[in-house]
Amino acid sequence: MDKQKQPLPASLYTEEYFRTACEGYDEFNQSEGQHLSRRLAAAFSLAEVTPGMTVLDVGCGRGEILRHCAALGADAYGIDYAPVAVQMSQQVIITTPDTVPGQVGVALADAKKLPFGDAMFDRVLMFDVVEHLHPWELHDAMLEIYRVLKPNGRFIVHTAPNVWYDRYAYPMVRIVRTLMGQGANYPKNPRQFLVDVNEHVHVNEQSWWSLQQALKRAGFRPKVWLDSPPQNRTEHQILAIMRKIAFGLPPFSWFFEREVFAVAAKVPKE
């Protein structure tokens, strides 16, 4: 693994980033964490958090996931290496109602060296963090997550975009959209499609295959799949059929689906 690539500076992750570029910012700005975006809600539902669980959110960002864990009766702990993220999460914790049953805590820490003992957590969550870690960092972080996860625990991952979409499907989509007169909305660089800043902080975007292999190398037994935002469109029947094939059938879906999800269990070491 190439350890010459240094971690991204924590200073890149400002409050402006978390409020204007980080997934779920609209919902956070409107509710200060009370409501989750569609993507975060979909990922969080996979954790199946129940009362009494102990949950770790690696790269907790603004802290809204901690709030939702506590509301379900779990004890939730968050870590982030960006001081601004810790400050924002602490503010969310302060404003969380006292009637919430679970305990909540947050700390400034590196995912590659978690400040927790072995086998402490029923669930470890890593939402929209993978793509910000160089491959060697991701491997070290996953080894730490393996260490702190209970034997029957689960590691839940969400990352976007699917790198195969950006590399192979997006150029075709752009050509079709250009022929339809919509080329101005589809820049040549797909990482500028929604948020320009992602071009600078996404250093390790994944396919379902690469994420599966990364999890296996760290000792997990993963289930990895692709999904996409729901599309509410009125379009020509032929385009609708093409979309159904692209998003619904492998191998086409491996390239056209945009988000990568994983649920991973620990494989006992011999």
- Message: Cut-off is 10 Å between beta-carbons; in what order do Asp110, Asp118, Asp80 appear when sorted fewest neighbours first?
- Response: Asp118, Asp110, Asp80
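For Val49, Val100, what ranking results if the residue with the fewest other Cβ atoms within 10 Å of its Cβ goes first?
In order of increasing Cβ crowding within 10 Å: Val100, Val49.
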- 0 to 90° range, to nearest 10: angle between helix 237-248 axis and the chain longest Cα axis: 40 degrees
- Task: State the volume of the convex hull built on the alpha-carbon positions of the stretch 77-129, expressed per residue in Å³ and rounded to an integer.
- Result: 97 Å³
- Footprinting exposure proxy for Val106, Val130 (fewest neighbouring C-beta atoms within 10 Å first): Val106, Val130
- Task: Multiply the residue gap between Asp118 and Asn152 by 0.36 nm, knock off their C-alpha separation, and tell me the result in nm, one decimal place.
- Result: 10.9 nm
- Residues with amide H under 5 Å from that of Ala76, placed H, sequence gap 5 or more: Val55, Gln103, Val104, Gly105
- Among residues other than Lys150 whose Cβ falls under 15 Å from its Cβ, what is the net charge (Lys/Arg +1, Asp/Glu -1)? +1
- Taking only Cα atoms and a 10 Å spring cutoff, compute GNM fluctuations for the chain and point out the largest among Ile93, Ile156, Ile175. Ile175
- Task: Two decimals is fine: what's Rg over Rh for the stretch 1-108, C-alpha atoms, Kirkwood radius as Rh?
- Result: 0.99
- Task: Answer rounded, prolate or oblate for the stretch 49-110, using the Cα gyration tensor with square roots of eigenvalues a ≥ b ≥ c: rounded when a/c is under 1.5, else prolate when a/b is larger than b/c, else oblate.
- Result: oblate
- Task: Compute the long axis of helix 83-95 from its Cα atoms, compare it with the longest principal axis of the Cα atoms of the chain, and write down the angle in degrees, 0 to 90, nearest 10.
- Result: 70 degrees
- Note on the structure: Quick P(r) readout (the chain; Cα-Cα; 5 Å bins; whole %) gives 1, 6, 12, 16, 19, 17, 13, 8, 5, 3, 1, 0
- Query: ³J(HN,Hα) across the stretch 130-145 via Karplus (A = 6.51, B = -1.76, C = 1.60, θ = phi - 60°), whole Hz, x for Gly/Pro?
  - Reply: 3, 5, 9, 10, 4, x, 5, 5, 4, 4, 4, 5, 5, 5, 5, 5
- What nm distance separates the two modelled labels at Ser45 and Met172, each placed 7 Å from Cα along Cα→Cβ? 2.9 nm
- Cα gyration tensor of the stretch 1-59, axes a ≥ b ≥ c as square roots of the eigenvalues: rounded (a/c below 1.5), prolate (a/b > b/c) or oblate? oblate
- Query: Between Gln90, Ser11, Ala265, whose Cα lies farthest towards the positive end of the dipole of the chain when Lys and Arg beta carbons carry +1 and Asp and Glu beta carbons carry -1, centred on the Cα centre?
  - Reply: Ala265
- Item | On Cα atoms only, tilt of 170-179 relative to the major axis of the chain in degrees | 40 degrees
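Read-outs throughout are calculated quantities, based only on the coordinates presented, and are distinct from any laboratory measurement. From a predicted model like this one, the values you see are computed outputs, not experimental measurements. Cβ coordinates were reconstructed from backbone atoms using ideal geometry, including for glycine residues, and neighbour counts include every protein chain displayed.
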